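What follows is a short report on a single structure.
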Amino acid sequence: MQTANEHWKIKNRAKSYLMQIRWIDDDIKREEEEIIKLTAMAEGLRAITYDRDKVQTSGNDCNTDTIIKLLEYKAKIEADSLELIELRSIIRNQIAAMQDPIYKQILFRYYMDGQRFETIASDLNYSYQYIINAHGRALQAFEKLYMTN
């Protein structure tokens with residue numbers, strides 16, 4: 001028989017593993033928002049102005065820094081996107097291999113699709129509390145299948 005503390009650790013270990021999808025997706029969204037901000041900054045900076053007597057480079061260093069940051073964010077988004085694609089594929093296959101169809105539905109909808117428990121309960125014609133309890137059992141089943149040492 002599991003103690004309450006052991007049960008909590010199991011649920012949270014499986015939940016943390018599955019939540020990676022949401023966390024990476026959130027990171028990508030934040031990086032995309034930062035690109036939008038940096039792009040707006042870069043467009044607002046003055047370019048080099050050449051005239052006969054002098055060359056003005058006001059804003060050039062800042063523009064270069066902004067472009068470098070933009071490229072870094074774009075590279076990070078690309079890396080995160082590849083990681084997310086791979087992780088989604090692995091987790092999708094793991095969830096699909098589970099035996100209980102309700103567990104599969106709950107885990108897939110919550111972690112893969114980002115649906116709220118209220119929506120899942122309504123769509124599947126179960127009470128909210130039933131879905132919450134089944135989610136806990138689904139995490140335990142997932143843990144037993146994939147996360148035992």
Q) So how many residues does region 66-116 have that are closer than 29 Å to residue 128 by Cβ and either touching a Pro at 6+ places or on another chain (Cβ under 9 Å) or basic (Lys, Arg) (or both)? A) 5
Q) Going by the structure shown, is residue 122 modelled with pLDDT of 95 or more, of a type in the set (Ser, Thr, Tyr) and more than 18 Å from residue 135 (Cβ to Cβ)? A) no
Q. Can you tell me which of 124, 139 is out of contact with any Asp or Glu (no Cβ under 9 Å at 6 or more places or on another chain), within 24 Å of residue 24 (Cα to Cα) and surrounded by 14 or more Cβ atoms within 10 Å (Cβ to Cβ)?
A. 139
Q.
Filter region 1-53 down to the residues that are among the small types (Gly, Ala, Ser), modelled with pLDDT of 85 or more and in contact with a Leu (Cβ under 8 Å, 6 or more places away or on another chain) and list them by number.
A. 14
Q: Quick one: in region 73-87, of everything that is open to solvent by 60 Å² or more (accessible area, probe 1.4 Å) and within 11 Å of the chain's Cα centre (by Cα), which residue is nearest to residue 112 (Cα to Cα)?
A: 85
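Can you name the helices (runs of 4 or more DSSP H) wholly within region 87-149 that have at least 1 residues being out of contact with any helix residue (DSSP H, G or I) (no Cβ under 6 Å at 6 or more places or on another chain) and in contact (Cβ under 8 Å) with a residue 40 or more places away in the chain? If you could, list the steps in order and put the result at the bottom.
Details: elements: 101-107, 117-124, 128-146.
Once the helices (runs of 4 or more DSSP H) in region 87-149 are filtered for at least 1 residues that are out of contact with any helix residue (DSSP H, G or I) (no Cβ under 6 Å at 6 or more places or on another chain) and in contact (Cβ under 8 Å) with a residue 40 or more places away in the chain, what remains is 128-146.
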Q: Please find, within region 96-107, the residue that is nearest to the chain's Cα centre (by Cα) out of those that are open to solvent by 50 Å² or more (accessible area, probe 1.4 Å) and among the hydrophobic types (A, V, I, L, M, F, W, C).
A: 96
**Q.** Number of the exception - residue 110 against (1) over 22 Å from the mean Cα position of the chain (by Cα); (2) surrounded by 14 or more Cβ atoms within 10 Å (Cβ to Cβ)
**A.** (1)
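The values are calculated or read from the model by the stated rules, or taken from the named source; none is laboratory data. Computed from a predicted model, the values in this text were never measured in an experiment. Because the Cβ atoms are built from the backbone with ideal geometry, glycine has one as well, and the counts that use them run over all protein chains shown. Surface accessibility is based on the protein's heavy atoms, side chains included, excluding ligands, DNA and RNA. Shrake-Rupley method; radii C 1.70, N 1.55, O 1.52, S 1.80 Å.
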